[in-house]
Each structure stands twice: as structure tokens, then as C-alpha cells.
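The structure under discussion appears below in the form of C-alpha cells.
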Amino acid sequence: MADKLRLEDLAVFGVEPAFAEPLYVGRPNIGDRGSFLARVNDILDRRWLTNNGRYVQEFENRLAALLGVRHCITMCNGTVALEITIRALGMAGEVIVPSFTFIATAHSLQWQQITPVFCDIDPETHNLDPARVEEMITPRTTGVIGVHVWGRPCPIDELAGIAARRGLKLLFDAAHAFACTHRGRKIGGFGDAEVFSFHATKFFNTFEGGAVATNDDDLAARIRLMKNFGFAGYDNVIYIGTNGKMAEVAAAMGLSSLERLSEIVESNRKNYHAYLRELSGVPGIRVMRYDETEACNYQYVILEVDEEATGIDRDRLLRILHAENVIARRYFFPGCHRMEPYRSFLPPDGIRLPHTERLARRVLSLPTGTAVGEEEIRGICGIVKLAVGRAGEVGERLDRLP
């Protein structure tokens, strides 16, 4: 790693990057390699590759026990898990969702001709604002999807109260929140159901995969039918369905990842605290905080860049970091409501989600996980400090670049 101490050292101006290899947000964590390969060999020996095999069943049982729920149904990915659960809940018409989320949350509704109604967020928590949710309910509203952004629980109790009072279904997109808690209870048992993603970029992964957690026996039975074409036994189709099944090799990866879960979380926790230390006192740079009285997975290191205080905007800081092979990311720019097809569905002047749009212009996610350590974090933060400390000169030189 090359230290960046002077303006002339910045790679964006044509010199070598600080890191020879790219540092990514969401570079996959690998579970216990030996136990994974042993399971793969067993899968190949038995030639049972999918269709609710031994490892899928074991993985579901382990997940249900960990989350403290009666049912955990694995899926081929988190998006299909969302789509199936939405349909199993009978959502229709309009469903209220945040715009500050990954596009799959909205697409899983629109794919089924359900209108996602985009709601603004609380600028402090980055999660749905319950007061705004209440305002957006119409006679066509059938449900609310809350998203636990960054793994920090959204306002579960407030949303549950609204759903109960207004007769709405309540689903949580928990893609970021595996192994996190709310009031001491694991995320997974709230609302009608909660959906997890185990994509390779998540801190806990099964290559591709997802799961639905619920305590509703009837809902779980419908979801199990729907993820397997509606089959209830041999040649007996009793329900509409599709193919949402998890493969055995993915479940094997999940079981192997569970064996290293605490180690991965601890690595994330150390990285989070290293970033806090290194970026403390940098003008205009705010590191998102976790509530450490709860269980956290520390999966994301999130900065808010206040251009008025830093003298440099988020996108220029992103450009500087990318040049150094620090592949930081914007989340969830520019907001789902500013993406197609939703942008075209809205009136010409769009909709007003001021907190969502302001946050989407400010947020930057930095590399973490087991592939990143304290040395890399010092280097990344040194680049941020240099860019902010010399913001005026950096801006002038960037303006002269082609």
C-alpha cells in the first residue's frame, strides 16, 4: 500500500493507486472451506443436488433456531423470496415502501402489477418514517414493506401498530439485517414475515440465496407450496407456484458460513470501530452509528458527506477513492422513485421525497469484511482526510481534468 500524503500523490491526478488490488464493498466472506468442500463431496456422492435435500433441510432448521422462529423457508435468492411472500400474503393494489432501498424491493411488487407507493424516510435513521406512512394510506393500500436499512431495525413497533389499526399486511425486507436484534429479539420474527438475502455480497452468503422467516403456520405452508410449483406430494399440484428452491450446494455454503458467523461479525465490528477512530473529527464526514446495546452485524460502513462542511461533494470523493482502487459505492442513488419504470409513472414534477433525495446525494459505503484490515482502513481514511483537508485545491485540479 502506498501512503498518500500530498496532493500530488492522489492517483486521480495520474500516479499509481494506493492499493494494487481493488478493495470492494461486499467482497464475499468465505465460510469454513474444509467443511464446505466435505459437504460438496457428500452432495456429489449422493447425487442429490436440489429438491429439498438433506442440507437444505438442515440449513432451514439451523436458521429457524438461530432466529427464534417457527418457520424458515430457504429460497434461490432474496428477490424471489420477496415476490413469493408478497403473493402468499395476498398483497395487491398499492403497497407502501421506502424509495431509499435496493431496487428489488420495488420491483418485487411491480413485477406482480402491484403499485409501490414510495414513502420518505427519517433522515436520522435512514428508515421509513411512520408518520409519512400513515399519510400515504389510501383505500387501495393493502400492505407496508419496511426495510431494515444497514441492518438497523426500522420502526417495527410503530409500523406494526399502523398495520394492525388499518388492517394492512406488514412485511419486512431484512436483506441487511441477518443476525441483528430489535429489543433483544432476533430480526426474523416481526410482522407477518421477514425476508433475508444471502447473496454473495452480503456478509453472510450462500453464493446466491435467500429465506423467509415467519411464525405464521398457514403462511409458511403457502410459501412452501408456491416455491415448488404448488406441489403437495407426488404428482399433486394444489396451488399456483413457481421455482424458488435453494440448491444443496448453496445450503452447504450457508451451513459452512454459519460455522464462522461470529468470526465474520467480529471482523466487521473491528473494522467499524477502526473507521470511527480514523475519521473522528474530519469536517463534514459523519460515520453512521450502530446501536451496540443490540446485536449488530456491522455489515456496512456508511458515511454521510456534507459538502458544505467538507468543501468536496460525495461524487468527487467517490472518484478520488475509485482512482486509488478503493471501490466505494453510492447507496441507493438516486432513489427508486428516480429509476425506471417508476420515474415514468410519476407526474412530470415527480414526487417530493426530500429526505430520501438528500441522503442519496450524501451516502458513501466503504469497504469492510474479512478482506479488509486496519492497515487498509488507515490507507482509505488517509485518502479521505487528504481530499477533505485540501478540498479547494482538489476541486480546482479536478476541474482541469478532461
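The values are calculated or read from the model by the stated rules, or taken from the named source; none is laboratory data. None of these values were measured; they are calculated from a predicted model. Because the Cβ atoms are built from the backbone with ideal geometry, glycine has one as well, and the counts that use them run over all protein chains shown. Ligands, DNA and RNA are stripped out before the accessible areas are found, and what is left, the full protein with its side chains, is counted by its heavy atoms. Shrake-Rupley method; radii C 1.70, N 1.55, O 1.52, S 1.80 Å.
Values for this structure:
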| read-out | value |
| --- | --- |
| Near pairs, Cβ below 8 angstrom, 6+ apart or cross-chain, from the stretch 59-72 (at positive phi) to any residue that is among the small types (Gly, Ala, Ser) and not in a helix (DSSP H, G or I) | 68/188; 68/189 |
| Complete set of residues in the stretch 18-48 that are open to solvent by 40 Å² or more (accessible area, probe 1.4 Å), closer than 30 Å to residue 265 by Cα and part of a loop (DSSP other than H, G, I, E, B) | 20, 21, 27, 28, 30, 32 |
| Residue pairs meeting the criteria (Cβ under 8 Å; at least 6 apart or on separate chains; first closer than 20 Å to residue 96 by Cβ, in the stretch 168-193; second assigned to a loop (DSSP other than H, G, I, E, B) and among the hydroxyl-bearing types (Ser, Thr, Tyr)) | 173/101; 176/300 |
| Filter pass, residue 286 being of a type outside the set (A, V, I, L, M, F, W, C), on the phi < 0 side of the Ramachandran plot and surrounded by fewer than 16 Cβ atoms within 10 Å (Cβ to Cβ) | yes |
| Index of the failed condition, residue 286 passing every other in (1) in a strand (DSSP E or B); (2) touching a residue at least 24 places away in the same chain (Cβ under 8 Å) | (2) |
| Residue in the stretch 301-316 that is hydroxyl-bearing (Ser, Thr, Tyr) and more than 26 Å from residue 153 (Cβ to Cβ) present | yes |
| Sole exception among (1) in contact with a Cys (Cβ under 6 Å, 6 or more places away or on another chain); (2) farther than 30 Å from residue 302 by Cβ for residue 278, by number | (2) |
| Neighbours by Cβ (under 8 Å, 6+ apart or cross-chain): first from the stretch 374-402, more than 19 Å from residue 17 (Cβ to Cβ); second open to solvent by less than 10 Å² (accessible area, probe 1.4 Å) and at pLDDT below 95 | 393/7 |
| Filter result (touching a helix residue (DSSP H, G or I) at 6+ places or on another chain (Cβ under 8 Å), open to solvent by 10 Å² or more (accessible area, probe 1.4 Å) and aliphatic (A, V, I, L, M)) within the stretch 115-146 | 117, 137 |
| Qualifying residue in the stretch 358-368 (condition: surrounded by 18 or more Cβ atoms within 10 Å (Cβ to Cβ), assigned to a loop (DSSP other than H, G, I, E, B) and at pLDDT 95 or above) | yes |
| Residue within the stretch 174-187 that is among the hydroxyl-bearing types (Ser, Thr, Tyr), at pLDDT 95 or above and part of a loop (DSSP other than H, G, I, E, B) present | no |
| Count - residues of the stretch 121-152 that are in contact (Cβ under 8 Å) with a residue 60 or more places away in the chain and part of a loop (DSSP other than H, G, I, E, B) | 5 |
| Breaking point among (1) surrounded by 14 or more Cβ atoms within 10 Å (Cβ to Cβ); (2) assigned to a helix (DSSP H, G or I), for residue 73 | (2) |
| Among (1) assigned to a loop (DSSP other than H, G, I, E, B); (2) more than 25 Å from residue 126 (Cα to Cα); (3) open to solvent by less than 40 Å² (accessible area, probe 1.4 Å), the one test that residue 371 misses | (3) |
